[in-house]
Each structure stands twice: as structure tokens, then as C-alpha cells.
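Data first, discussion second: the structure below is written as C-alpha cells.
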Amino acid sequence: MPDRCDDKRLRAAYQAYLIRLWQDGADSLWRSSTESVQSGEIQHFASLTELFAFLEQQTDASGPGGGPGSGRSAVSDPTRTPTARQPEEKTT
């Protein structure tokens, strides 16, 4: 039987969002929304700055330590190497 504590830690350490970006006109600011994959909650943002602040808040809220919640990413963390995603093969 899975350990409930490990399940809670996994949920706290992993967040997935569908991010949508759009402009209302050629010269307008970019608007965005996030939809939490886990809860379905949707947030709307009037600027990319608001979107980035939200994402930073979500990752900083979990706590310190170099893992999720530290605000560090594979890009800014010299101890981690980003993983390149391989393109999917098309089947015909």
C-alpha cells in the first residue's frame, strides 16, 4: 500500500499548468492564463509580469532547499543539467 506521506510530498513537489498566451491586438500586451492540471483551477493575468510573479510564488511557497520551492531551476542551478526532450516519431 502506498505511503500517504510520500503521496502528499509528491503533490507538493510537482505542479503542472497549462499556460495560454494571447494578444487582443497587434500592439496590445500579452495576456495569459494558467490552468492547474491537478485541480482545474484557472487564473487569468493581464501581463506576463503577473504570470511570472504567480509562477514564482507557486514555486517559492513550498520552502527552501534547492528542490521544488527553492525558486531555483535547471537553468539557474549550475548543479543540474536540463534534460532535452527528444522529438516524437510520427507513425504513418
Leu21 passes all but one of the listed conditions (1) touching a Leu at 6+ places or on another chain (Cβ under 9 Å); (2) at pLDDT below 95; the exception is number (2)
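Yes or no, residue by residue, for (1) in contact with a helix residue (DSSP H, G or I) (Cβ under 8 Å, 6 or more places away or on another chain); (2) part of a loop (DSSP other than H, G, I, E, B); (3) at pLDDT 90 or above:
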position	(1), (2), (3)
Asp6	no, no, no
Ala12	no, no, no
Ala26	no, yes, no
Arg31	no, no, yes
Thr34	yes, no, yes
Gly40	no, yes, yes
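The values are calculated or read from the model by the stated rules, or taken from the named source; none is laboratory data. Note that this is a predicted model, so its numbers are computed, not measured. Note that each Cβ is placed from the backbone with ideal geometry, even for glycine, and that neighbours are counted across all protein chains shown.
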